[in-house]
Structure formats: structure tokens, C-alpha cells
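Read the structure below first, then the notes.
The values are calculated or read from the model by the stated rules, or taken from the named source; none is laboratory data. Quantities reported herein were computed from a predicted structural model and do not represent experimental measurements. As a convention, Cβ positions derive from the backbone with ideal geometry for all residues, glycine included, and neighbour counts pool all protein chains shown.
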Amino acid sequence: MHRTARVGRTGFARAVGEPSPSLERAAVLERGYIAKDFRRLALVIAISVVVLIAAGYLESTFIK
């Protein structure tokens, strides 16, 4: 019979007390990396939208 690994867990953090300074630094670095990733993704999406709009405009101009 298959048993799931998450039996009895509610999804809340189980750590208690102050986090260690090294874990805090690692968390700050990770948050910065994720934020930078989202900025890069937003930039790529914005450039893609601009290129698509420009391509549509150029296509409609040259077809006439």
C-alpha cells in the first residue's frame, strides 16, 4: 500500500526561535536572487511585447 510522505503536516513552519545569522544571510541572498530573476523576466516580456507590436505595425504598413 502506498503512503504519502506528508501525513499529519499542516504546511506551517515548525522552526521556533531566532534564526541563525548564517541562515538569515542565505535567505536574504535568495530573496535578492529571486527578485532579480523576476526583474529579468519582466524585462524580457516587455521587450517581447514591444517587438510584437512593432512587427504587427510594420506588417500592416507594408501590406497596404
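Things to note:
- Qualifying positions in the stretch 16-33 - among the aliphatic types (A, V, I, L, M) and surrounded by 10 or more Cβ atoms within 10 Å (Cβ to Cβ): 23, 26, 27, 28, 29
This table checks each residue for (1) at pLDDT 95 or above; (2) not small (Gly, Ala, Ser).
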| position | (1), (2) |
| --- | --- |
| 1 | no, yes |
| 6 | no, yes |
| 10 | no, yes |
| 22 | no, no |
| 42 | yes, no |
| 47 | yes, yes |
| 64 | no, yes |
